[in-house]
Every structure is written in structure tokens, then in C-alpha cells.
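Worksheet: the structure to be examined is printed underneath.
What follows draws every value from the coordinates through simple rules; no lab data is involved. A quick note: this is a predicted structure, and the numbers were derived from the prediction, not measured. Here the Cβ is made from the backbone with ideal geometry for all residues, glycine too, and neighbour counts use every protein chain on show.
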Amino acid sequence: MASMRDIKRRRSSIESTQQITKAMKLVSTVKLQRAKTRAEQSKYYFNSIYDTVTSILAKADGIEHPYLKKGESGKKAVIMITSNKGLAGGYNSNVIKLITRNPEFSPENTVIYVIGKKGRDAFRRAGYEIMADFSEAIEAPNYNDGTKVTEDLLKGFAAGEISEIYLAYTFFKNTVSHVPTLLRLLPVGVPEKIESGEDGEEVSSVKEEKEEKTAPMNFEPEDEEALNLIIPKYMASLIYGALIEAQASENGARMQAMDNATNNATEMIDHLTLLYNRARQSTITQELTEIIAGADAIG
């Protein structure tokens with residue numbers, strides 16, 4: 001059995017850690033409330049613009065535009081949204097697994113546009129090429145951040161350096177449920193989503209069937225000019241929406257992780273207190289036994 005001094009020192013260390021986890025939980029709770037409100041307010045627009053643009057293009061025949069067809073390079077670009085900090089449970093690892101555990105995204109055919117230092121470090125270790133780092137955007141997301149990422153990506157897509165563009169982020173379902181999601185942005189066509197469970201193990205692909213064309217789609221101005229205006233705004237809006245969803249998910253995941261850590265610390269403190277009391281009782285019993293034995297020897 002460990003000595004009373006060792007037990008007391010360890011209990012004191014765990015109590016100090018528990019104070020830190022409690023404080024981090026409170027901070028994450030406050031941040032979550034703000035991020036949750038923004039996520040709920042933007043969710044409808046986020047979903048609507050994706051469904052609207054893909055629906056329009058699904059009904060439009062005979063349009064030749066670079067944004068509607070794959071490039072010849074065969075390279076996939078992934079906008080990976082993670083956090084800059086850890087201590088958020090499986091939040092970062094679950095969304096990273098959408099790429100690293102998917103055979104369609106290998107280091108040879110995939111480049112990463114990273115938002116979040118944790119994702120950047122993970123993909124560097126895995127051997128993926130980091131094309132650009134926008135990690136500061138996750139701290140306080142705004143629409144201009146989405147525009148900057150979009151401009152960088154569209155240059156590569158228009159130049160033929162990238163053939164497909166995907167967005168990997170964590171969808172904020174509610175305070176305790178956050179779903180890693182992979183969304184194809186370009187080429188625009190039939191909506192395609194790949195989602196995984198919160199444990200990141202099971203990955204499924206969901207494709208919506210192409211809608212039946214009930215009416216011809218006409219563009220004013222001409223289709224090429226219209227798409228040059230629509231697609232950049234479509235991409236910037238989706239990236240901005242994903243940043244807001246990811247920020248809410250990160251704070252929700254960190255709040256849960258710190259709550260679990262605090263509860264675990266409480267259990268460890270209770271266990272160490274029990275061990276300390278047993279050690280103390282054993283020491284007292286031993287001292288009494290020695291006193292009685294000494295008294296008997298004198299008598």
C-alpha cells in the first residue's frame with residue numbers, strides 16, 4: 001500500500017486538475033451558448049443554398065462550365081475544419097478519420113486546405129500535402145473567411161490543378177450530438193454527402209436522386225456569367241456555415257469532455273480518500289499495538 005504522504009500528494013494533484021477542468025467546462029458552456037445561437041440561425045440558410053444550387057443545376061441541361069465538370073488532374077481538394085486546441089474528446093479525430101480512413105482520399109491524390117491546427121498537424125503526420133492554412137478563421141468565423149478560402153480554391157480549380165473540392169466539418173445536431181460530415185462542393189451536380197457516426201468508425205455515403213425535370217431552366221444573364229456569380233457565393237456561404245457549425249460542435253465536445261474529466265476526478269478523489277483513511281487507520285492500529293506490547297513487556 002502506498003504511504004499516506006504519497007496518497008495525500010496524489011489527491012492534492014487531482015484536486016488541482018479538477019479545478020482546471022471545472023473552469024474549462026464553464027468557459028466552454030458560455031462559448032457554446034453563443035456559438036449554438038449562431039449555428040441555429042444559419043442552419044436554414046446553409047441547407048437551403050446547398051439544396052437550391054444543386055437543384056437548379058440538376059434541372060439545367062447542356063451547360064458547359066468548368067465548375068460543372070471534373071478537372072483532368074485527378075486531384076481532390078479537401079477543406080478540413082478542426083480546432084486549434086485539444087481537450088475536446090473525439091471531436092478532431094472523428095472528422096479527420098473521414099479522410100484518412102476513406103480509400104478514395106489517399107496522400108497521392110488528395111491535397112488539404114486546412115482550418116484548424118489539430119487537423120494540420122494530423123495530416124502532416126499522415127503524409128498529406130497541406131496546400132493552405134487558414135487556422136485563424138476558426139477562432140471567430142465570418143463570411144470573409146469563407147470568401148478567402150473560396151478564392152484560393154477556385155483559382156486551383158479553374159487552372160486544372162484540382163478536379164474535385166470537398167468540405168469536411170462537424171455538423172452540430174444538438175448539444176451532445178455532433179456528426180462528422182463530408183460534403184462535395186465542386187463539381188456541382190447531384191448532391192452528395194458522406195457522414196459518419198460520432199465514433200468515426202462507420203462511414204456511409206448518401207446520394208440524393210436527381211430530381212425529375214418538370215420545367216426548363218433559363219438563365220438571365222447568360223448561364224456562364226450567372227454561374228460565375230452564383231458558384232463563388234455558394235461555396236463561400238457553405239464554408240462559412242460549416243465554420244459556424246464546427247465552432248458550436250467544438251465547444252459542445254469540449255464541454256462534455258471537461259464534464260467527464262471532472263466527474264472522473266471526483267471518483268478518483270473519493271477512492272484516494274478511502275485509501276488514505278485506511279492507511280491512517282492501519283498506522284494508528286499499529287502504533288496502539290506497539291504501545292500495548294511495550295506496556296506488557298514493562299509490566
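Convex hull volume per residue, computed on the Cα atoms of the range 17-165, equals 131 Å³. For the chain, modelled as a GNM whose springs connect Cα atoms under 10 angstrom apart, the maximal fluctuation among ASN102, ASN251, ASN92 occurs at ASN102. Comparing mean-square fluctuations of ALA23, ALA279, ALA88 from a GNM of the chain with C-alpha springs under 10 Å, the top value falls on ALA279.
Please go through the residue pairs LYS25/LYS155; LYS43/LYS70; LYS43/LYS97; LYS117/LYS233; LYS31/LYS59; LYS118/LYS148 and name each one whose alpha carbons sit more than 30 Å apart in this structure. Can you show the working numbers first?
Details: LYS25/LYS155 41 Å; LYS43/LYS70 28 Å; LYS43/LYS97 24 Å; LYS117/LYS233 26 Å; LYS31/LYS59 42 Å; LYS118/LYS148 20 Å.
Distance filter (> 30 Å) returns LYS25/LYS155; LYS31/LYS59.
Could you tell me which helices of the chain pass both thresholds, a Cα extent of 18 Å or more along their own axis and a mean Kyte-Doolittle hydropathy of at least 1.0, with helices taken as whole DSSP H runs?
Within the chain not a single helix satisfies the rule.
Which of the GluC sites (Glu not before Pro) found in the range 1-76 are in a DSSP loop and have at most 16 neighbouring Cβ atoms, other than their own, within 10 Å?
Values: sites: GLU15, GLU40, GLU64, GLU72; in loops: GLU64, GLU72.
Hits after loop and neighbour filter: GLU64, GLU72.
What ranking do 173-180, 107-114, 242-249 get when scored by the average of other Cβ atoms within 10 Å per residue, highest first? Let's see the in-between values first.
Working: 173-180: 16.6, 107-114: 18.8, 242-249: 27.1.
Sorting 173-180, 107-114, 242-249 by mean packing, highest first, produces 242-249, 107-114, 173-180.
Taking every alpha-carbon pair under 8 Å whose residues sit at least 6 apart, the range 35-253 reaches a relative contact order of 30 percent.
Can you pull a Stokes-Einstein diffusion coefficient for the chain at 37 °C (0.692 mPa s), Rh from Kirkwood over Cα pairs, as a whole number of µm²/s?
Values: Rh = 22.2 Å.
In µm²/s, the coefficient is 148.
What is the distance in Å between the Cα centres of the range 56-117 and the range 279-293? Centre-to-centre (Cα) distance: 68 Å.
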